[in-house]
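**Student:** Following this message is one structure expressed as structure tokens.
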Amino acid sequence: MVLISIWIGTLAAGIGSVWIAAALSFGVLARFTQHMLSMAAGALLATAFLHLLPEAFESQAGAHDLFLTLLVGLVFFFLLDKAELWHHGHEHHHEAAPHHAAHEHLQGHVHAQSHGHDPAHAHSHLPKPGSWAVLTGDSVHCFGDGILIASAFVADLRLGVIAALAVLAHEVPHHMGDLVVLRGGSGDRRMALVKVSLAGAVTALGGTVGYFLVDRLHDYLPYFLAVASSSFIYVALADLIPQLQKRLSARETVAQIAWLGAGIGLVTLVSGLAHGH
């Protein structure tokens, strides 16, 4: 009975949050692509710095070990991006040499946007850095969420339901950011939704593992949180922020900062409400 409750709770939190995020990102907010990039950057940074890392540091794990994990994670996601661009460059060698593909990819966004092109389509033939980092980080994060939900259900059924709802709530703004990143890479909404949903489904895997190994895995949770944080920080700083670093009018700059703040505020508010229960 407890295991079935864990599966229902983890799937509702893991996949339900993705679908709610998609309904908002692709429906209500679909016209604000550029603003969504700012909001995504804010949401990813806030998730890492205000939610995951504080939780990791509240544990018994040493600060030195956690910072080392964070550093290794950042380097790992940088190398993952390099591998992705290199692999894509070889696949499309008739379009451009590998290093040109990488250079064009990293430098081209500002040029495309300065001429008024939609960033979601400007370089749709090239992979967007960060897509694999987002999915890997998401999977690690969701696995950790699954363990947390399982721990709560094992302790008390009502506590498990509250934990699942809290995870669902704080994942929505974060998944909105993920969907923006992935859709920007391919321009394909459906594929972005499928990929993030699959990462969300890892919550159920974490829940199952958590149910059987809850005592043994507890000590490793802070490191899961640090690795997930490194992926979100990397994507925000290496991919999203550079796209926002362009010359804008004063009004557009204020709007950009406001949406970045909105992403941070949304995650802070939702995390606060979730922890308040």
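**Student:** In nm, to one decimal, how far is the modelled label at residue 253 from the one at residue 65, with both set 7 Å along Cα→Cβ?
**Tutor:** Inter-label distance under the simple model: 4.5 nm.
**Student:** Mind sorting 268, 10, 203 by how few other Cβ atoms lie within 10 Å of their own Cβ, fewest first?
**Tutor:** 268, 10, 203
**Student:** Something else: Using the count of nearby Cβ atoms within 10 Å as a rough guide to exposure, how do 161, 75 rank from fewest to most?
**Tutor:** Taking fewest neighbouring Cβ atoms as first place, the list is 75, 161.
**Student:** Return the sequence-ordered ³J(HN,Hα) values of region 205-213 in whole Hz as given by the Karplus equation 6.51 cos²θ - 1.76 cosθ + 1.60 applied to θ = phi - 60°, using x for Gly and Pro.
**Tutor:** 5, x, x, 5, 4, x, 4, 8, 10
**Student:** Would you mind ranking 190, 247, 183 so that the residue whose beta carbon has the fewest other beta carbons within 10 Å leads the list?
**Tutor:** Ordered from fewest to most neighbouring Cβ atoms within 10 Å, 190, 247, 183 come out as 247, 190, 183.
**Student:** Would you mind pulling out the separation of the Cα centroids of region 37-71 and region 155-224, in Å?
**Tutor:** Result: 16 Å between the Cα centres.
Readers should treat all values here as calculations from the given coordinates under stated rules, not as data from a laboratory. Given the structure is predicted, the values throughout are model-derived calculations rather than measurements. Here Cβ is always computed from backbone atoms with ideal geometry, including for glycine, and neighbour counts include all displayed protein chains.
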